[in-house]
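Single-structure report; data block below.
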Amino acid sequence: MYDLLIIGSGPAGLSAAVYGKRAGLDLLVIEEKPMSGGQVLNTCEVDNYLGMPGVNGFDMGMKFREHADTAGAIFRTASVAELQDLGETKRVRTGDGAEYEARALILATGAEHRALGVPGEEEHRGKGVSYCATCDGAFFRGKNVAVVGGGDVAVEDAVYLARMCAKVYLIHRRDSLRAAKGLQDKLTACGNVEILWNRTVQKIYGDGSVEGVTLCDTAAQTEEDLAVDGLFIAVGMHPNTEAFQDVVPCDGQGYVIAGEDCASRTEGIFAAGDVRTKQVRQIITAVADGACAVASAERYLTGKR
């Protein structure tokens with residue numbers, strides 16, 4: 001029986017591990033992949049983490065894990081098959097049949113950007129293909145880029161990138177945007193944004209880094225190449241909550257409903273990082289969530305709710 005189980009070893013989970021050990025909690029971190037760090041491992045360069053400008057994403061992830069190891073956190077590599085709320089006890093059953101119990105639980109399983117699933121996407125991930133304009137936009141200052149999507153996030157990304165890029169193409173598969181009217185007005189006001197209607201990305205190409213994309217005009221049924229230095233994909237996120245949606249209430253998109261104290265609506269279970277409902281999903285907010293989740297878990301465990 002542990003004091004605390006932490007599911008996930010991205011920035012939120014590793015931060016929770018450090019803060020949990022500093023609080024003297026007997027804890028275990030269950031991570032699905034054999035290497036800690038989460039999405040940051042696939043990022044070539046992180047330029048917006050306070051005090052660490054230009055840090056390599058892989059190096060950052062390794063530093064986070066090293067800190068948790070130094071703090072004394074114990075890790076187990078396994079996938080979560082089932083989560084059970086037994087009142088004062090929380091039980092996690094993993095894919096290999098093992099079971100772990102604790103008095104409190106922090107969910108830090110993160111979320112994944114929905115991919116286009118086209119040739120060249122994986123090869124150029126972090127090398128011109130990005131899923132976060134606010135994270136990586138500054139690397140494309142003065143260059144030509146494209147954004148894929150038609151919702152609020154895609155339009156917000158296009159407007160944001162227009163401030164620093166020479167040219168921004170917004171690629172949308174339909175002939176109208178789903179984004180809010182106010183956002184569309186801001187987009188229209190940008191003189192360096194061009195909307196490519198009825199287009200889908202068929203292929204991403206480049207030698208070492210993105211040089212362009214092949215588009216299909218779904219109306220004319222023709223293909224064309226578009227030269228760009230970067231491609232920002234904004235077609236949605238998918239939270240990793242499948243294993244416990246029947247235990248903790250989630251919103252319509254699958255995110256765990258939890259506020260800034262990271263407390264879910266199930267007593268004794270907390271959510272930290274990209275997996276919870278929140279406005280900004282960045283490394284720095286995930287790390288902060290890890291600290292907040294442990295503080296809330298401490299209050300729960302000591303009866304100071």
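Quick note: the coordinates plus some simple rules give every number you see, no bench work behind them. The structure presented is a predicted model; accordingly, all values stated were derived computationally and were not measured. No Cβ is skipped: glycine too gets one built from the backbone with ideal geometry, and neighbour counts run over all protein chains shown.
Worth pointing out:
- Dipole size of the range 35-118 about its Cα centre, with +1 on Lys/Arg Cβ and -1 on Asp/Glu Cβ: approximately 100 debye, rounded to the nearest 20.
- Set against the 2.2 N^0.38 Å expectation for a compact globular protein, the chain has a Cα radius of gyration ratio of 1.08.
- Take every Cα pair under 8 Å whose residues are at least 6 apart in sequence, average their separation, divide by the length of the range 1-139, and the relative contact order is 30 percent.
- Rounded D (µm²/s) - the range 230-305, Kirkwood Rh over Cα pairs, Stokes-Einstein at 20 °C, 1.002 mPa s: 163 µm²/s
- The relative contact order of the range 161-216 comes to 34 percent, based on Cα pairs under 8 Å that sit 6 or more residues apart.
- Each stretch of four or more DSSP H residues adds -39500 (n - 2.57); spread over every residue of the chain, this sum gives -7000 deg cm²/dmol at 222 nm.
- Rounded Å value of the spacing that divides the Cα centres of the range 18-76 and the range 201-235: 34 Å
- Cα-Cα over 22 Å, subset of Lys143/Lys203; Lys167/Lys203; Lys21/Lys278; Lys33/Lys203: Lys21/Lys278; Lys33/Lys203
- Backbone HN-Hα couplings from phi across the range 221-234 [Karplus 6.51/-1.76/1.60, Hz, Gly and Pro as x]: 6, 10, 10, 8, 9, 10, 7, 9, 8, x, 10, 9, 9, 10
- HN-Hα J in Hz across the range 63-70 - Karplus 6.51, -1.76, 1.60, θ = phi - 60°, x for Gly and Pro: 5, 4, 5, 4, 5, 5, 4, 4
- Most to least packed among 34-40, 195-201 [average Cβ atoms within 10 Å]: 34-40, 195-201
- For the range 129-233, the relative contact order comes to 30 percent (Cα pairs under 8 Å, sequence separation of at least 6).
- Among 284-295, 245-256, the peptide with the highest mean count of other Cβ atoms within 10 Å heads the list, and the full ranking is 284-295, 245-256.
- Kirkwood estimate for the range 1-55, i.e. one over the average of 1/r between Cα atoms, Å: 12.5 Å
- Shape class for the range 129-233, computed from the alpha carbon gyration tensor (a ≥ b ≥ c): oblate, with a/c not under 1.5 and a/b at or below b/c.
- Packing-based ranking of 61-73, 176-188 yields 61-73, 176-188, ordered from highest to lowest mean Cβ neighbour count within 10 Å.
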